[in-house]
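Here is the structure we will look at.
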Amino acid sequence: MGKRYFQPEIETMPVDKIKALQSERLVAQVKNVWDNVPYYRKKMEEKGVTPDDIKGLEDLHKLPFLTKDDLRDAYPYGLLAKPLKDCVRIQSTSGTTGRRVVAFYTQHDIDLWDECCARAIVAAGGTDEDVVQVSYGYGLFTGGPGLNGGSHKVGSLTIPMSSGNTERQIQFMTDLGATILCCTPSYAAYLGEAVNEKGLKDKIKLKAGIFGAEAWTEEMRHDIEEKLGIKAYDIYGLTEISGPGVSFECEEQKGMHINEDHFIAEIINPETGEVLPEGEKGELVFTSITKEAFPLLRYRTKDLCVLTRKPCSCGRTHIRMRKPMGRSDDMLIIRGVNVFPSQIETVLLGAGMTPNYQIIVDRVNNNDTFDVNVEISQDMADGPREAVDAKQKELVASLKSMLGIKANVNLVEPKAIARSEGKAVRVIDKRKLYD
Ligand code: DLL
């Protein structure tokens, strides 16, 4: 049995103490941005707030929100709170042109970020005896560098694989006896498929995986756990707020503990901006209270989520967020109905299908078309045609009952859908081309 926590005093700190710490850090951070970031000062002045108005957590709601548009307006250096000479790294999102976000880090920021990722690795059972294969992309994407830094802090042997080259991934995994795998859940599912096809499941020593960077369902978790013979843990984060490790799952696998000594979380009504009470679903908003180079206050993530402070049997006291079930900008509106890709994943995997699927939406003669392509397994491909037809009908019916609208379900041959090595492309919305 390894260590249970990476930083026990912080991770199990009584809630009133965490709140006091957050209050103190918030007050200091507000003063810091007011003094050092003209963009913030202007936003605060526009809202009629000054640092004197912010005396603690209870005043957080008085601060203006920050959105991706602000990041774009202030691009590239307009939100820096430290001189460039104190910054040592940038990371960036993989967003399409025009939506790129560049985040800055001092060495201290990177140290704290690494600690957050180390907490996640220890929560997944990691120790200095583990061999951690980091198969998130390295480079501008935060996944590789974040988990790499966390693994170093834990003292695990780190394999900086990056993503791609599945053959080599599996070779290193078996030869070096990797025990913890870090990558996107869609890539984990792909690796699981490849390991089983090669008959190597008995040859791998993996015990846990730390998967995030995209929405994934409980059904997907079971699929990966079964294919790789591991426990699959969720990890969440975003470039703007640091990267992976903003929150992470513990052995309970019931929501992700937010590292509250660094980030204050709120849930708001995305329409009105009103702060919602604990337990209600809305948009997740973060305030970074320890960041030096790029501190964002009340940053709107667009991730839809629920928070809970119910005590967790792992002993951690930090608030938990439920798996984000999609981003408000991921939500598809098809024939006037709101559809989240995760609902479709739940239906498909619940019906025993593979996690290889793609949703294609188009507009023909002013009507939305809605196709769900999903691969059948090799067993099904080798079996009777009638079974495939029956499955197709069953899926149409279950999707209709989940979503309220009808989808064309196309069952395609194994390997017909491109595999993803990073974030999976689940939705192709061709209507966007016409807007
Ligand atoms: O995806 C950071 C990360 C890397 C997280 C590795 C976990 C593991 P971005 O590329 O900036 O950063 O994308 C952030 O991805 O706002 C969510 O919409 C989504 N996301 C991240 N983690 C999860 C998760 C990284 N566990 C955006 N579940 C976020 C659902 C997630 N969505």
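If the viscosity is 0.692 mPa s and the temperature 37 °C, what Stokes-Einstein diffusion coefficient in µm²/s follows for segment 332-429 when Rh is the Kirkwood radius over Cα pairs?
Working: Rh = 13.9 Å.
For these conditions, the coefficient is 236 µm²/s.
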Heavy atoms of Trp113 accessible to a 1.4 Å probe, total area in Å² rounded to 10: 10 Å²
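Starting from the Cα-Cα distance between Lys406 and His152, subtract it from 0.36 nm times their residue separation and give me the gain in nm to one decimal.
On the way: separation 254, 0.36 × 254 = 91.44 nm, distance 4.91 nm.
Taking 0.36 nm per residue and subtracting the Cα distance, the gain is 86.5 nm.
Among DSSP beta bridges whose residues both lie in the chain, state the antiparallel percentage, nearest 5.
Details: 39 of 63 bridges.
Expressed as a percentage, antiparallel bridges in the chain total about 60.
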Exposure rank, largest accessible area first [Leu157, Leu238; 1.4 Å]: Leu157, Leu238
Candidate lysines - alpha carbon under 16 Å from Lys19, same-chain residues fewer than 8 apart omitted: Lys55, Lys310
Helix-only [θ]222 nm of the chain, DSSP H runs n ≥ 4, -39500 (n - 2.57) each, per residue, nearest 500: -10000 deg cm²/dmol
Tensor-based shape of segment 154-223 (alpha-carbon gyration tensor, a/c under 1.5 rounded, otherwise prolate or oblate): oblate
The chain: angle of helix 218-228 to the longest principal axis, Cα-based, in degrees nearest 10: 70 degrees
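Note down the net charge around Tyr105, summing +1 for each Lys or Arg and -1 for each Asp or Glu among other residues with Cβ under 14 Å from its Cβ. List each step's numbers first, then the result.
On the way: positive: Lys82, Lys85, Arg89, Lys291; negative: Asp86, Asp109, Asp111, Asp114, Glu115, Glu240, Glu292.
In short, -3.
Can you give the FRET efficiency to the nearest 0.05 for Ile360 and Glu218, using r as the Cβ-Cβ distance and R₀ = 22 Å?
Values: r = 25 Å, r/R0 = 1.13.
The formula returns an efficiency of 0.35 here.
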Label-point separation, Glu9 to Glu278 (7 Å along Cα→Cβ), nm: 2.5 nm
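Rounded to the nearest 0.05, what FRET efficiency do Gln378 and Glu45 have when you use their Cβ-Cβ distance and R0 = 51 Å? Before the final figure, lay out the partial values.
On the way: r = 63 Å, r/R0 = 1.24.
My answer for the efficiency is 0.20.
In the neighborhood of Leu332, defined by Cβ-to-Cβ distances under 11 Å, what is the net charge if each Lys or Arg adds +1 and each Asp or Glu adds -1?
Details: positive: Arg335, Arg426, Arg431, Lys432; negative: Asp329, Asp330, Asp368, Asp429.
Once positives and negatives cancel, what remains is 0.
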Efficiency of FRET between Phe65 and His108 - r from beta-carbon atoms, R0 25 angstrom, step 0.05: 0.45
Rounded to whole Å, sorted largest first: equivalent-ellipsoid semi-axes of segment 1-327, Cα gyration tensor: 34, 21, 18
Accessible surface of the chain [probe 1.4 Å, protein heavy atoms]: carbon and sulfur percent: 51 percent
Loop sites in segment 74-174: GluC sites (Glu not before Pro), DSSP, at most 14 other Cβ within 10 Å: Glu129
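If you place +1 on the Cβ of every Lys and Arg, -1 on the Cβ of every Asp and Glu, and leave all else neutral, what size is the dipole of the chain about its Cα centre, to the nearest 20 Debye?
Numbers: 57 positive and 64 negative charges, 85 e Å.
Around 400 debye, computed over the chain.
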Accessible-area value, Tyr77, 1.4 Å probe, nucleic acids and ligands omitted, Å²: 130 Å²
Per residue value of the accessible surface for the chain (all protein chains in place, 1.4 Å probe), Å²: 43 Å²
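Quick check: net charge around Pro311, other residues with Cβ under 11 Å of its Cβ, Lys/Arg +1 and Asp/Glu -1? Let's see the in-between values first.
Working: positive: Arg309, Lys310, Arg316, Arg320; negative: Glu252.
Local charge sum for Pro311: +3.
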In degrees, nearest ten, helix 185-197 long axis to first principal axis of the chain (Cα): 40 degrees
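The values are calculated or read from the model by the stated rules, or taken from the named source; none is laboratory data. Here the structure is a predicted model, which is why all the values come from computation and not from measurement. Glycine also receives a Cβ, built like all others from the backbone with ideal geometry; neighbour counts cover every protein chain displayed. Please note that ligands, DNA and RNA were not included when accessible areas were found on the heavy atoms of the full protein model with its side chains. Shrake-Rupley method; radii C 1.70, N 1.55, O 1.52, S 1.80 Å.
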